[in-house]
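What follows is a set of notes on a single structure, which appears directly below.
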Amino acid sequence: MRPVAAAAPADAQPLAAAIEAAISSRSPRLGRAAHARALRLLAPAIPPFICAHLVNFYSKLDLPGAAAAALATDPHPTVVSYTAFISGAAQHGRPVPALLAFAGMLRLGLRPNDFTFPSAFKAAAFAPARSTIGSQIHSLAIRFGYLPDDHFVSCAALDMYFKTGQLALARRLFDEMPNRNLVAWNAVMTNAVLDGRPLETVEAYLGLREAGGMPNVVSVCAFFNACAGSTYLSLGEQFHGFVLKCGFETDVSVSNSMVDFYGKCRCAGKARAVFDRMGVRNSVSWCSMVVAYAQNGAEEEAFTVYQHARRSGEVPTDFMVSSLLTTCAGLLGLDLGRALHAVAVRSCIDANIFVASALVDMYGKCGGVEDAELVFSEMPQRNLVTWNSMIGGYAHIGDARNALSIFDDMIRSGETTPNYITLVNVLSACSRGGLTAEGYQLFETMKERFGIEPRTEHYACVVDLLGRAGMEERAYEIIQRMPVRPSISIWGALLGACKMHGKTELGKIAAEKLFELDPQDSGNHVLLSNMFASAGRWSEATDVRKEMKKVGIKKEPGRSWITWKNVVHVFQAKDTTHEMHNEIQAVLAKLKRQMQAAGYMPDTQYALYDLEEEEKESEVFQHSEKLALAFGLICIPPGVPIRIMKNLRICVDCHRAFKFISGIVGREIIVRDNNRFHHFRHYECSCRDYW
DNA sequence: CTAGGGTTAG
């Protein structure tokens with residue numbers, strides 16, 4: 001038996017070292033072993049500094065329960081153990097326990113020191129805008145004499161005021177600082193970027209230089225962020241030169257912010273040049289490079305960089321996976337998206353709110369609403385983007401009922417409040433799903449109910465909504481009293497509706513506006529010509545065609561594609577080049593007989609007026625989407641939905657035929673055209689013939 | 001033994 005009191009100091013020193021080692025190697029096992037040894041050797045007289053070490057250890061490794069227990073069982077808690085606890089909790093984003101501990105130490109009569117206040121401010125920075133907790137800590141810091149002179153305390157207070165949106169107080173604190181140091185300038189710069197005031201970041205930088213200060217890596221990152229956010233390309237490029245001269249580019253974060261800056265300024269090549277020169281890269285570097293490609297229409301390169309990252313031993317992070325999922329959503333790459341879902345599950349990041357929201361978004365945009373619903377319903381928490389993505393998923397397939405019901409859930413959940421995107425999605429669901437009255441009422445009341453002023457996108461939805469329901473004149477009235485200039489999509493929606501309901505004169509007005517706004521677009525010309533043709537106004541139809549030829553506008557050829565075993569098969573109308581051409585024709589011929597027996601009549605009205613080829617009735621059967629479907633029926637095993645993409649709107653006859661085929665062969669067919677999804681099953685389509 | 005400002009995403 002050792003005499004406890006005498007043994008303590010001698011045993012305590014190596015114990016302290018062991019705990020330090022556990023922290024630096026981030027090893028919970030080593031730390032717990034040291035804790036057990038402390039209890040065995042030193043209890044009940046564990047010296048306060050060992051207790052502080054233990055609290056620090058659990059706190060730093062983000063084991064909040066154990067940290068709280070260590071603090072609670074400390075027989076003589078000190079400022080240091082409390083500060084260690086508060087610091088860890090604040091750093092790991094747990095403001096409530098941090099602030100409770102701060103209050104607790106005050107109650108015990110312990111006086112917070114110059115180390116405690118910065119952590120307390122960091123925790124208080126999480127508080128909602130109207131909370132006074134930060135100001136209360138501020139008063140305390142003044143009373144204890146740490147303000148205005150202590151740099152650490154004053155900078156933390158400054159940052160807290162910025163982060164809680166109390167800009168006036170932040171500015172006053174900054175203006176009254178007796179001697180501003182670099183960290184204070186940096187706090188101004190970084191918070192201006194975060195709050196979306198990039199010009200102020202640049203101004204603060206100039207202020208720093210005028211005061212004779214030199215930037216450090218933090219200031220440099222903030223500067224590039226400001227340039228990236230507002231795409232100040234030339235300003236950032238000039239700064240790049242300065243950064244090279246100072247040697248800052250060896251810092252990973254600086255180079256990362258440059259990659260991001262060039263990517264956001266639509267210079268993926270320059271981003272790549274920075275990336276290639278980096279001596280050290282981290283996961284952020286790889287992710288920034290992926291995003292730089294993905295956001296500049298270079299999705300394939302984005303995936304190549306991802307594969308390169310994996311080969312270099314990078315572990316997929318939540319950032320990486322959510323960025324790639326967004327890329328899939330843009331590519332309509334459902335298979336790729338599913339593969340990434342699997343990666344997310346294996347990496348245990350599928351419950352991350354960014355990843356899960358990106359999954360909901362990807363499944364919704366790629367035509368897998370059921371999977372979107374599954375992810376959505378199993379998410380531990382949801383935010384605005386999650387709800388918007390789910391509503392958007394329903395909008396894509398025109399499921400207005402579910403879109404409205406989820407919208408209702410969102411409002412009732414109280415988790416978030418709708419923003420303008422929410423309303424765009426709900427309105428477009430109503431329009432696609434034919435819920436005219438509900439959609440129109442929502443449009444009329446959105447300002448008063450949700451405080452959201454209708455934007456161009458909302459007007460486009462409501463014009464589409466009314467137009468589809470045959471109320472083109474009402475839609476035109478709304479366009480005329482819009483507070484902002486009507487966009488291409490608004491006139492496009494009106495033209496489409498006029499075409500659908502034979503409102504030729506109004507359609508002409510819309511088309512003229514469209515030709516002004518977008519003279520090169522072929523689709524609008526085709527639509528106008530077809531509209532005249534349907535109305536029997538042949539000479540005007542011909543005039544439009546002549547005009548197109550004169551100006552040199554070519555009709556975009558319709559293409560459909562389908563993926564099978566990771567190979568994309570592309571079809572054009574009357575395509576005979578596919579390797580399985582004969583089988584495809586045989587399937588189509590058989591389908592035609594079965595469909596006619598079931599009552600199908602071909603709809604050739606558009607084929608007949610086609611601008612380039614006067615297609616005959618039989619040629620309707622060679623449309624690209626039908627060829628793709630036949631291929632899918634041959635290759636894709638029964639039970640697996642057939643997914644087809646088309647670059648133009650699906651044709652009326654193909655739509656009619658697909659409904660028959662879905663019933664005859666008993667398969668689900670999902671067509672994504674340039675506007676929406678059509679989900680065919682049992683002789684019906686999800687759009688209910690309204691698109 | 002405890003401390004401030006930093007890069008990527010839905």
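The values are calculated or read from the model by the stated rules, or taken from the named source; none is laboratory data. Since this is a predicted model, take the numbers as computed values, not measurements. Positions of Cβ are generated from backbone atoms using ideal geometry, with glycine treated the same way; all protein chains shown enter the neighbour counts. The accessibility values were calculated without ligands, DNA or RNA, using every heavy atom of the protein model including side chains. Shrake-Rupley method; radii C 1.70, N 1.55, O 1.52, S 1.80 Å.
Remarks
- For chain A, the Cβ-based charge dipole about the Cα centre amounts to some 1140 debye (Lys, Arg positive; Asp, Glu negative; other atoms uncharged).
- Out-of-range pairs (alpha-carbon distance over 29 Å; input A:LYS499/A:LYS626; A:LYS546/A:LYS659; A:LYS365/A:LYS503; A:LYS513/A:LYS659; A:LYS554/A:LYS659; A:LYS503/A:LYS646): A:LYS546/A:LYS659; A:LYS365/A:LYS503; A:LYS513/A:LYS659; A:LYS554/A:LYS659
- Leading residue at positive end of dipole, region A:59-199 (Cβ point charges), from A:PRO75, A:VAL96, A:LEU106: A:VAL96
- The value for region A:22-154 of Rg(Cα) / (2.2 N^0.38 Å) is 1.08.
- Inter-part distance, region A:57-97 to region A:179-242, computed on C-alpha centroids, equals 34 Å.
- Descending Cα extents along the principal axes, region A:305-371, whole Å: 34, 23, 15
- A Förster distance of 30 Å, applied to the separation of the beta-carbon atoms of A:GLU477 and A:ASP603, puts the FRET efficiency at 0.40.
- Alpha carbon convex hull of region A:461-551, volume per residue in cubic angstrom: 74
- Sorting the segments A:97-104, A:557-564 by their residues' average number of neighbouring beta-carbon atoms within 10 angstrom, most packed first, yields A:97-104, A:557-564.
- Taking the Cα atoms of region A:352-400, the ratio Rg/Rh between the radius of gyration and the Kirkwood radius comes to 0.93.
- Share of carbon and sulfur in the accessible heavy-atom surface of chain A [1.4 Å probe, %]: 55
- Positive-pole candidate from A:SER624, A:ILE642, A:VAL665, dipole of region A:619-691, charges at beta carbon: A:ILE642
- Rg(Cα) / (2.2 N^0.38 Å) computed for region A:424-490, rounded to two decimals: 0.99
- At 1.306 mPa s and 10 °C, Stokes diffusion of region A:193-257 via Kirkwood alpha-carbon radius, µm² per second: 135
- Region A:321-377 and region A:542-568 have Cα centres lying 31 Å from one another.
- Rg/Rh for region A:384-528 stands at 1.00; both radii use Cα atoms, and Rh follows the Kirkwood definition.
- Surrounding net charge for A:ALA90, when Lys and Arg each add one and Asp and Glu each subtract one, Cβ distance under 15 Å: +2
- Calculated on the alpha-carbon coordinates, the convex hull of region A:125-252 measures out at 109 cubic angstrom per residue.
- With Rh defined as the Kirkwood radius, the inverse of the mean 1/r over Cα pairs, the Rg/Rh of region A:169-320 is 1.02.
- Length available on full extension from A:PHE450 to A:ALA342: 0.36 nm per residue minus the Cα-Cα distance, which gives 35.1 nm.
- Gyration tensor (alpha-carbon) shape descriptor, region A:271-325, a/c threshold 1.5: oblate
- Cα pair distances in chain A, grouped into 20 Å bins until the bin that holds the longest one, percent each: 14, 38, 31, 14, 3, 0
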